[in-house]
Amino acid sequence: MRDYKLETEKRVDFIRRMLGDSGADGIVFGNSGGKDCALVGILCRRACDKLLAVMMPCGSTRNYGEDIAHAKLLADKFSIPYLIMDLAPAQNALTSAISVSQPVTAEAAANIAPRLRMTALYTIAGSRNSLVAGTGNKSERSMGYFTKWGDGACDFNPIGDLTVTEVYEFLRFLGTPREIIEKAPSAGLFEGQTDEREMGISYAAIDDYLLTGNVNEKDFSKIERAYKKSEHKRRMPVIYGEDD
């Protein structure tokens, strides 16, 4: 297990360096009420006085109920200013406009919400001389379980090297409300969605692979395939004459 007292100090210093190097004086992040947003919010709160959490329900009933309740719980406990922005009207309008000329598949539609959230966060951050903090963990990144130019877009990410197992350990060390720690991880992109069901593999198996390499052959193959298939998500666009 990591020394989370030391990890807190190092990551707070990292965040402060990001602010100093950029000339920004604040941070904006999306608070979905989940584990990763919670950890990023707590760390950024310790590093920066000008912090804003943005709650952006859009996509499922859970977004408007449990997720908002947990996001507020975090904000209240750690004194994080927040605003709530309902993106469902924008999502519906965009989907309808595109559908006039091009049928929209369910998979493509599911990625609209994360990209709308990215647009909202960067618009707010640009209006506040702030940076956008990313909230993706190493387990998700390794599987490509994020939306390209959506929740994968950020100016810096203070937790991207941590597995889900380590995120939970860190949250317990920091005294995060148990409601946030104990609920099933979900991107909330559609009704009944959970991360593990959608990926077809448990975070425990992914983390075993990342931390020890000790996983069964079936899970090993699934993780290797997902990593290779999603490599483009972890890279900048290929530029002719530079990367070929």
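The values are calculated or read from the model by the stated rules, or taken from the named source; none is laboratory data. Fair warning: this is a prediction, and the values are worked out from it, not measured in the lab. Glycine also receives a Cβ, built like all others from the backbone with ideal geometry; neighbour counts cover every protein chain displayed.
Could you list, ordered by first residue, the pairs with Cβ atoms under 8 Å in which the first is in the stretch 63-74 and surrounded by 17 or more Cβ atoms within 10 Å (Cβ to Cβ) and the second is at pLDDT 95 or above and among the aromatic types (Phe, Trp, Tyr), at least 6 apart or interchain?
Close Cβ pairs satisfying both conditions: ALA71/TYR82; LYS72/TYR82.
Let me spell it out: the conditions are (1) assigned to a helix (DSSP H, G or I); (2) closer than 20 Å to ASP36 by Cα; (3) not basic (Lys, Arg), and PRO185 meets all of them except one. Which number is the exception?
For PRO185, the failing item is (1).
Of the residues THR176, THR123, only one is part of a helix (DSSP H, G or I), hydroxyl-bearing (Ser, Thr, Tyr) and closer than 21 Å to ASP49 by Cα; which? Spell out the reasoning first.
Details: THR176 fails: part of a helix (DSSP H, G or I).
Only one candidate qualifies: THR123.
Please go through the stretch 215-244 and give me each residue that is in a loop (DSSP other than H, G, I, E, B) and either of a type in the set (D, E, K, R) or surrounded by 10 or more Cβ atoms within 10 Å (Cβ to Cβ) (or both), ordered by number.
VAL215, ASN216, SER230, ARG235, GLU242, ASP243, ASP244 - these are the residues of the stretch 215-244 that are in a loop (DSSP other than H, G, I, E, B) and either of a type in the set (D, E, K, R) or surrounded by 10 or more Cβ atoms within 10 Å (Cβ to Cβ) (or both).
Given the condition buried (at least 21 other Cβ atoms within 10 Å of the Cβ) and either without any contact (Cβ under 8 Å) to a residue 40 or more places away in the chain or in contact with a Ser or Thr (Cβ under 9 Å, 6 or more places away or on another chain) (or both), answer yes or no: does some residue in the stretch 21-28 qualify? Outline the logic, then answer.
Kept after step one, since they are buried (at least 21 other Cβ atoms within 10 Å of the Cβ), are these residues of the stretch 21-28: 27-28.
Then drop every residue that is not either without any contact (Cβ under 8 Å) to a residue 40 or more places away in the chain or in contact with a Ser or Thr (Cβ under 9 Å, 6 or more places away or on another chain) (or both), which leaves 27-28.
Scanning the stretch 21-28 turns up at least one residue that is buried (at least 21 other Cβ atoms within 10 Å of the Cβ) and either without any contact (Cβ under 8 Å) to a residue 40 or more places away in the chain or in contact with a Ser or Thr (Cβ under 9 Å, 6 or more places away or on another chain) (or both).
Looking for whichever is out of contact with any strand residue (DSSP E or B) (no Cβ under 7 Å at 6 or more places or on another chain), over 27 Å from LYS10 (Cβ atoms) and in contact (Cβ under 8 Å) with a residue 40 or more places away in the chain here; the options are LEU43, LEU116, LEU94. Which one fits? Reasoning before the result, please.
Working: LEU43 fails: over 27 Å from LYS10 (Cβ atoms); LEU94 fails: in contact (Cβ under 8 Å) with a residue 40 or more places away in the chain.
Of LEU43, LEU116, LEU94, the one residue that is out of contact with any strand residue (DSSP E or B) (no Cβ under 7 Å at 6 or more places or on another chain), over 27 Å from LYS10 (Cβ atoms) and in contact (Cβ under 8 Å) with a residue 40 or more places away in the chain is LEU116.
Which one is farthest from GLY59 (Cα to Cα) among residues in the stretch 82-97 that are surrounded by fewer than 14 Cβ atoms within 10 Å (Cβ to Cβ) and small (Gly, Ala, Ser)?
The qualifying residue farthest from GLY59 (Cα to Cα) is ALA97.
For the stretch 122-163, enumerate the residues that are of a type in the set (S, T, N, Q) and either more than 20 Å from ARG2 (Cβ to Cβ) or surrounded by fewer than 18 Cβ atoms within 10 Å (Cβ to Cβ) (or both). Please lay out each step first, then the result.
Looking only at the stretch 122-163, we keep the residues that are of a type in the set (S, T, N, Q), and these are 123, 127, 129-130, 135, 137, 139, 142, 147, 157, 163.
Within the stretch 122-163, THR123, SER127, ASN129, SER130, THR147 meet the criteria.
I'd like to check something: does the stretch 66-77 contain any residue that is acidic (Asp, Glu), farther than 19 Å from PHE156 by Cβ and under 14 Å from the mean Cα position of the chain (by Cα)? Lay out the reasoning, then the answer.
Our first condition is that a residue be acidic (Asp, Glu); within the stretch 66-77, this holds for 66-67, 76.
Of the ones still in play, those that are also farther than 19 Å from PHE156 by Cβ are 66-67, 76.
Then drop every residue that is not under 14 Å from the mean Cα position of the chain (by Cα), which leaves 67.
Yes, the stretch 66-77 contains at least one residue that is acidic (Asp, Glu), farther than 19 Å from PHE156 by Cβ and under 14 Å from the mean Cα position of the chain (by Cα).
Being surrounded by fewer than 16 Cβ atoms within 10 Å (Cβ to Cβ) and of a type in the set (Lys, Arg) narrows it down to one residue among ARG17, ARG45; which is it? Explain how you work it out, then say what you get.
Working: ARG45 fails: surrounded by fewer than 16 Cβ atoms within 10 Å (Cβ to Cβ).
The conditions single out ARG17.
Determine whether the stretch 98-107 contains at least one residue that is under 24 Å from TYR122 (Cα atoms), in a helix (DSSP H, G or I) and touching a residue at least 24 places away in the same chain (Cβ under 8 Å).
Checked the stretch 98-107: no residue is under 24 Å from TYR122 (Cα atoms), in a helix (DSSP H, G or I) and touching a residue at least 24 places away in the same chain (Cβ under 8 Å).
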